[in-house]
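Engineer: After the C-alpha cells below, expect a handful of questions from me.
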Amino acid sequence: MELPENPAAWYQLAAVGGWQTVVADTVHPLAHDLLAARCAGETGRTRGWYDLPFAIPVLCAAATAQGMRSLQQAVMVLHAEGLPLRRTVVALVATGDGRPPVAVRAGAAMLTSRTAAVVQVPHDPHVHAHSLAAARLRPRTLQAGARLAGAVLAAAHAAWGAPLPDAPQPAPVTPAPRPTPAIPVHAAVPFATEGSGTPALTTPAVTAS
C-alpha cells in the first residue's frame, strides 16, 4: 500500500475517516529536508507537518552521543527556520540497558528548556518485535509510552487550549477534470459512462506551517 507523502493528504484522510487522533510515523532526514526546501524555495515536508492543525511533532533519536549530536543539529535548524519548538516533543530511545551517556544527559537537559518535553524511552527488545501493544513489555516501557502520550497532549493543550477546539474541516474533494477524448465520441467504448472516473484525492485548504 502506497501512503501519501504530502502531510495535507494525511489530514484529509483523518477528516474523511472521522478519527480524533492520528499518529503518522514518518522517516525522512528532518534537517536536510528543511535546508533542501529553503534552497529550492519550496515549503518542504517538515514544515508541512508543522502547519497541520493541532499537529505535535515528536522528534525521535537514539540515546547515544551520535544520536544526540544529530538531534541537536536538527533542533538548531528548526529554530533557524522559525518552527515552534515549544510544541515539539523529543523522545530519546535507549539502545541498551544502563545509564545514558553523559552527552545524552547533558543534551536532554538543554532540550528540556527549548522544547515542550523530553521523554526517555528505555530499551525493551519486545518493542522491536511487537511494538508498544505487546503484552510482554516491561512496566517502565509502558510508563514511558504513557508519559510520551501525555507530553503530546499537554503540548497540544498549551498551544490551543483545553479542551481542544474542533479542528477545521479540509476542503471537499472535487473530481479531477476529465480529459478530452482523443478518439471520436461514436468510437468510444459503449459501457464507458459519464462520471465513471475515480475522483482524485485533493489536499485540504490548510495554511502551510
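Engineer: Considering only residues that are touching a Pro at 6+ places or on another chain (Cβ under 7 Å) and aliphatic (A, V, I, L, M), look in segment 57-93 and name the one that is most open to solvent (accessible area, probe 1.4 Å).
Structural biologist: Among those residues, the one meeting the criterion is 65.
Engineer: Further question on the same structure: Would you check which residues across segment 21-38 are without any contact (Cβ under 8 Å) to a residue 12 or more places away in the chain and either under 12 Å from the mean Cα position of the chain (by Cα) or closer than 26 Å to residue 157 by Cα (or both) and list them?
Structural biologist: 21, 23, 25, 27
Engineer: Regarding residue 83, is this residue touching a helix residue (DSSP H, G or I) at 6+ places or on another chain (Cβ under 6 Å), outside any helix (DSSP H, G or I), touching a residue at least 24 places away in the same chain (Cβ under 8 Å) and not small (Gly, Ala, Ser)?
Structural biologist: Here the answer is yes, as residue 83 does meet what is asked.
Engineer: Residue by residue through segment 4-56, note down the ones that are among the β-branched types (Val, Ile, Thr), surrounded by 13 or more Cβ atoms within 10 Å (Cβ to Cβ) and closer than 19 Å to residue 160 by Cβ.
Structural biologist: 22, 56 - these are the residues of segment 4-56 that are among the β-branched types (Val, Ile, Thr), surrounded by 13 or more Cβ atoms within 10 Å (Cβ to Cβ) and closer than 19 Å to residue 160 by Cβ.
Engineer: Can you find even one residue in segment 100-119 that is on the phi < 0 side of the Ramachandran plot, among the polar types (S, T, N, Q) and assigned to a strand (DSSP E or B)?
Structural biologist: no
So that you can scan it fast, the table gives a plain yes or no per residue for (1) at pLDDT below 85; (2) closer than 23 Å to residue 68 by Cα:
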{"position": "106", "(1), (2)": "no, yes"}
{"position": "110", "(1), (2)": "no, yes"}
{"position": "128", "(1), (2)": "yes, yes"}
{"position": "134", "(1), (2)": "yes, no"}
{"position": "144", "(1), (2)": "no, yes"}
{"position": "149", "(1), (2)": "no, yes"}
{"position": "156", "(1), (2)": "no, no"}
{"position": "164", "(1), (2)": "no, no"}
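The values are calculated or read from the model by the stated rules, or taken from the named source; none is laboratory data. It should be emphasised that the depicted structure is a prediction, and the values quoted were computed from it without experimental measurement. Here the Cβ is made from the backbone with ideal geometry for all residues, glycine too, and neighbour counts use every protein chain on show. Ligands, DNA and RNA are excluded from the accessible area calculation, which covers all protein heavy atoms including side chains. Shrake-Rupley method; radii C 1.70, N 1.55, O 1.52, S 1.80 Å.
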